[in-house]
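The values are calculated or read from the model by the stated rules, or taken from the named source; none is laboratory data. Since the model is a prediction, treat every value here as computed from it, not as a measurement. Neighbour counts are summed over all protein chains in view; Cβ atoms, including those assigned to glycine, are modelled from backbone coordinates with ideal geometry.
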């Protein structure tokens, strides 16, 4: 038996699962090929073959389908090192954590955080055109513009010179149809005879045969527009995934032989020691060997507030160091750090989905050849075997072809989808195509992120506890210490003071105490604001104070205490509060029979407190791969799973779910990875989105039944001689008008 080899190729111009399916079918038929895996997201094709396979022939086969293909042998396949990040992964999730802030400005010069999409080779010179760059610069974009311009010119010529109107529309149609027809023929030769390109070709040619040249040109143009939009969306999704790498700084401060030097972050080896200054992004996964600081882990874990880390704790690439310098020993190379693994998880999750073929593509496998066979039988059988008149039965055969023209089907389904997408967009509900619409209505379980999804995404002051000073005075002095800070908890205190009309006094000598809190002189008094742990080192906490603090912590609140001249005067509690409509939105989903669950990287105490308030099952302290794993577990239990989140840490789970939904503003990668987005951040809109999906699918079924039903009626009447060519044309046109009007009902405002 021949040895099995594996070769990878770069494939340019793939827009959807249909593209991948055509390539897969064609390459599998090549001699010596045993397996094929095509990744639309990564623009790659992996081929397992024996030594007799002709790789050049494989490239030519894919190129013939209209895609650019080049070898990608230089891309090394390396197994990802396992990193177990369970609940006990050295995260300091204590709500009594050290509350410290650095009020100094941090110089980020030299740290390039701007996304830079990696160049993808071989995305030009084919019908699909490039997915990167402005859409109008690609071959597909130029073809669509040319087809649209030709259609407009044909309308003008037809009005000015009616005698040549038909020819004008035929020329306009062929401008767009010739590339489509070429792809259809190549796909047929490669084993996919009834692709959507073939369907469009038959529909357009059929329309010309019945002299509906205007309709033929318009249908071809609309098809090109749809394919162009699909390509643009695919390109943006790839860009957003690649831009994740921009979260990791391009450079790092490497310590060697007692000296510090700036080196490329990708050159860091396992075991190297790096210096991370306050305010800098951490350039590699590692373990702290010196220093203590609050780390903003929101990009990776979704933690709502910075987490205090000390010697021995794990830190992740892409997270932001808060208020003190850290020395970190690198534990993972650049190709295997946290962000790199998130990117890999997103790509793998997207490719693990079963390809969802468009309905019209599936149906055409049977419908189109069936119509041709029926028309041929009607035209030939009666004259040959039953003594019929050839001219009469050929006429009836042509009428059957007209009745069976798929134009009405091609137009009616997109009309319903377009109307639904438009209605949703007016409400701030964005859905990426018909497959998403169908999937939303089938959801039986929905997993929510906490921070920024079920909650507002930023802490607010919930309680001011007065011990030795009035509550207003506690807030006034705390705001004085926090003036100028950008720390999330500081912003919560300053926001509360502003809401209450409190003007903070001027603080002098302000300084941060690493990992403890902040101190300053205010109105001649020495004032300190920090965590209960830090305050306990200065003053004795009574049992009453400890009990009050424990109660606030149990409610998922972060507590900061204020000490004035060595006396504990009060405490301020903060929490990321649930959205106003979260409880009602979750209830609407439960009433619809949909299971709800919270998946969050936040600490268990905070998550359970919010979950209890909202009445939702909670899974906390999760890494991105944990969220993805739980989504997979729900799917194996038989649930159709939706995942809702707003951050990069949600991206793998969003991609793994049957339908991923980005909430609110979200991050670019969440919005692009997700199948849908709720722009206004209303939890109640999730239920509205699922309801819109169900109404849309009912409308599409009605359109299909109406279109095919009319065709069935006229098929019978034509064969028995009641109707002929003109009624057949009216049947097809009438079906198109009726299903379009039915689809327009979806434009009614969503309530």
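Quick notes
Conditions (1) modelled with pLDDT of 85 or more; (2) over 22 Å from residue 371 (Cβ atoms); (3) surrounded by fewer than 20 Cβ atoms within 10 Å (Cβ to Cβ), marked per residue:
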{"residue": "142", "(1), (2), (3)": "yes, yes, yes"}
{"residue": "149", "(1), (2), (3)": "yes, yes, yes"}
{"residue": "161", "(1), (2), (3)": "yes, yes, yes"}
{"residue": "180", "(1), (2), (3)": "yes, no, no"}
{"residue": "193", "(1), (2), (3)": "no, no, yes"}
{"residue": "203", "(1), (2), (3)": "no, no, no"}
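- Counting the residues of the stretch 552-566 that are surrounded by fewer than 16 Cβ atoms within 10 Å (Cβ to Cβ) and in a loop (DSSP other than H, G, I, E, B) gives 2.
- So residue 650, is it farther than 30 Å from residue 376 by Cβ, within 21 Å of the chain's Cα centre (by Cα), surrounded by fewer than 18 Cβ atoms within 10 Å (Cβ to Cβ) and at pLDDT below 80: no
- Annotation: residue 537 fulfils all but one of (1) surrounded by fewer than 20 Cβ atoms within 10 Å (Cβ to Cβ); (2) touching a strand residue (DSSP E or B) at 6+ places or on another chain (Cβ under 6 Å); the unmet one is (2).
- Between 621, 633, the distinction of being at pLDDT below 85 and more than 18 Å from the chain's Cα centre (by Cα) belongs to 621 only.
Per-residue answers, yes or no, for (1) under 22 Å from residue 638 (Cβ atoms); (2) touching a strand residue (DSSP E or B) at 6+ places or on another chain (Cβ under 6 Å); (3) assigned by TED's automatic domain parsing to the domain that holds residue 463:
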{"position": "586", "(1), (2), (3)": "yes, yes, no"}
{"position": "589", "(1), (2), (3)": "yes, yes, no"}
{"position": "592", "(1), (2), (3)": "yes, no, no"}
{"position": "597", "(1), (2), (3)": "yes, yes, no"}
{"position": "604", "(1), (2), (3)": "no, no, no"}
{"position": "609", "(1), (2), (3)": "no, no, no"}
{"position": "616", "(1), (2), (3)": "yes, yes, no"}
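- All positions within the stretch 7-44 that are in a loop (DSSP other than H, G, I, E, B) and either outside the structural domain of residue 193 (by TED's automatic domain parsing) or modelled with pLDDT under 85 (or both): 13, 14, 15, 16, 40, 41, 42, 43
- Scanning the stretch 484-517 for residues that are part of a loop (DSSP other than H, G, I, E, B), in contact with a strand residue (DSSP E or B) (Cβ under 7 Å, 6 or more places away or on another chain) and without any contact (Cβ under 8 Å) to a residue 60 or more places away in the chain turns up just one, 505.
- Residue in the stretch 544-551 that is touching a residue at least 60 places away in the same chain (Cβ under 8 Å), surrounded by fewer than 21 Cβ atoms within 10 Å (Cβ to Cβ) and not assigned by TED's automatic domain parsing to the domain that holds residue 326 present: yes
- Residue satisfying condition, being over 30 Å from residue 522 (Cα atoms) and assigned to a loop (DSSP other than H, G, I, E, B), within set 613, 577, 621: 621
- The single residue among 250, 236 that is at pLDDT below 65 and touching a helix residue (DSSP H, G or I) at 6+ places or on another chain (Cβ under 8 Å) turns out to be 236.
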